[in-house]
1. How far is it, in nm, from the label point at Phe92 to the one at Ala68 when both lie 7 Å from their Cα along the line to the Cβ?
2. Under 25 Å from the Cα of Lys233, which lysines turn up, not counting those fewer than eight places away in the same chain?
3. Given that just one value was derived from the coordinates, which of (1) 18.6; (2) 21.9; (3) 19.3 is Kirkwood radius over Cα pairs in Å?
4. Which whole-number value in Å³ per residue fits the convex hull of the alpha carbons of region 1-147?
5. Just subtract the alpha-carbon distance of Glu158 and Leu204 from 0.36 nm times their residue separation and send over the number in nm, one decimal.
6. Where a Cα-Cα gap under 26 Å defines reach, which lysines qualify for Lys188, not counting those fewer than 8 residues away within the same chain?
7. So for His28, His150, His235, fewest C-beta neighbours within 10 Å to most, what's the order?
8. Counting other Cβ atoms within 10 Å, keep those with at most 15, restrict to DSSP loop, and tell me which trypsin sites (Lys or Arg not before Pro) in region 145-243 are left.
Amino acid sequence: MSRITGALREMQTIEETSSRDQWVNALHPLVKFCVTIFYLVSVISCGRYDLTRVLGLALYPFFLFEMAELSFRDALVRLRIVLPLVCIVGIFNPILDRQPAAEFLGFTLTTGLLSMLTLMAKGVLTVLSSYLLAATTPVKGICTAMRMVHIPRMIVTEFMLIWRYLSLFLGEAEKTSQAYSLRAPGQKGIAISSWGSLLGSMLLRSMDRASEVYEAMCLRGFTGDFPSVREEKIHRRDMTYLAAMGAGILFLRLVPVLSLIGGIFV
């Protein structure tokens, strides 16, 4: 199986996962969207050296993984490309900032190392929380929540179009790759000399496909914006979830839970 086919299957798997019959999936999209935004703000607003507070906030995604019955291992596999890039942020901090900060098991922690670990933890937690939102809410629900918080229609429309037609582009890339492999049996990958012609042909085919799709959308009444979907009512369980999760995240943000637990054991 090629990488493109694997990417297509991953997209289909995420869409199927977001449409499961689970109580977390059945919650109102606006509630889950607001909780995710509040969590992202809470994580990002932590100090650059406040590693224990950031690690305390990690309780939210791990709790939600269990409640939504999602596999943490599958999430790491699907985010295997993004997470290393996120962890690279601040990798030079230990070299640039060598001021001693604390002692841990006989090892001196510098402020540069502490800030690097904090940035890594922040990046991993923000990516995991975004993945949880995508894995428990269909794209249509996310777009509905974005419109309910008055995000510009153009941004929401672009987001939906990119997601919907990304699979079509990957499908065209897969066909091109298969055609090339049939004409060059035994060759690993695509030769550099053929990149220009293949990318050019894909660009022309994509433009033709985009014109056909746009004409079909215009015939169905598209005028630059999708018709507003019927907004679902927010029930009591949605408000209970919003209040409980909001209070839990706020508590983890204000109270250094790991420091308190460590103090009790010490």
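Here, each number is a calculation from the coordinates, and none is a lab measurement. Only a predicted model underlies this, so the values are computations on that prediction, with no experimental measurement involved. Cβ atoms come from the backbone with ideal geometry, glycine included; neighbour counts cover every protein chain shown.
1. Label at Phe92, label at Ala68, 3.6 nm between them.
2. Lys32, Lys140
3. (2)
4. Values: hull volume 20.6 nm³, N = 147.
Measuring per residue, one finds 140 Å³ for the Cα hull of region 1-147.
5. Numbers: separation 46, 0.36 × 46 = 16.56 nm, distance 2.11 nm.
That pair, Glu158 and Leu204, stretches by 14.5 nm at full extension.
6. By straight Cα distance, Lys188 reaches Lys175.
7. Values: His28 23, His150 7, His235 13.
Taking fewest neighbouring Cβ atoms as first place, the list is His150, His235, His28.
8. Working: sites: Arg147, Arg153, Arg164, Lys175, Arg183, Lys188, Arg205, Arg209, Arg220, Arg230, Lys233, Arg236, Arg237; in loops: Lys188, Arg220, Arg230, Lys233.
Hits after loop and neighbour filter: Lys188, Arg220, Arg230, Lys233.
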